[in-house]
1. Quick check: residue separation of THR61 and ARG2 times 0.36 nm, minus the Cα distance between them. What number comes out in nm?
2. With each label point set 7 Å from Cα along the Cα-Cβ vector, what nm distance links ASN10 and CYS45?
3. How far is helix 25-41 tilted, in degrees, relative to the longest principal axis of the Cα atoms in the chain, given as a value from 0 to 90 rounded to the nearest 10?
4. Computing the accessible area with a 1.4 Å probe over protein heavy atoms, can you report the carbon and sulfur percentage for the chain?
5. Report relative contact order for segment 7-76 in percent, whole number only (criteria: Cα-Cα under 8 Å, sequence separation at least 6).
6. Per residue, how much accessible surface does the chain expose to a 1.4 Å probe? Answer in Å², no decimals.
7. When you take every Cα atom in the chain, what is the radius of gyration, and what is Dmax, the widest Cα pair distance, in Å?
8. Size of the dipole of the chain about the Cα centre, Lys and Arg at +1 and Asp and Glu at -1 on the beta carbon, nothing else charged, in debye to 20?
Amino acid sequence: MRYYFPILHNGETQADDVGELFRSAELAIQYGARVARDIASDPDCDRGAGTVVIVLDDSGTEIARRDVRGGRKRWK
């Protein structure tokens with residue numbers, strides 16, 4: 001199944017029009033967490049900007065999100 005990973009940053013959405021293929025929602029959620037960690041590890045990352053990585057399934061339903069600030073999980 002294809003999953004999408006749009007990023008919210010400073011109140012604006014950076015769309016993901018391509019997505020990635022994963023065999024399960026859990027693998028997609030793990031990938032979303034990795035994206036959030038990668039963003040947070042950037043020395044120029046503004047952790048106070050409210051950046052969030054969202055995980056959407058192929059129907060556009062949000063299944064998870066991860067705050068970049070502290071890597072906190074917020075599950076749907």
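1. 20.1 nm
2. The two pseudo-label positions are separated by 1.8 nm.
3. 20
4. Carbon with sulfur: 47 percent of the solvent-accessible area.
5. It comes to 31 percent, rounded to a whole number.
6. That works out to 63 Å² per residue.
7. Reported Rg and Dmax, both Å: 11.6, 34.
8. Result for the chain is approximately 440 debye, rounded to the nearest 20.
The values are calculated or read from the model by the stated rules, or taken from the named source; none is laboratory data. These figures come from a predicted structure and were not determined experimentally. Here Cβ is always computed from backbone atoms with ideal geometry, including for glycine, and neighbour counts include all displayed protein chains. Surface accessibility is based on the protein's heavy atoms, side chains included, excluding ligands, DNA and RNA. Shrake-Rupley method; radii C 1.70, N 1.55, O 1.52, S 1.80 Å.
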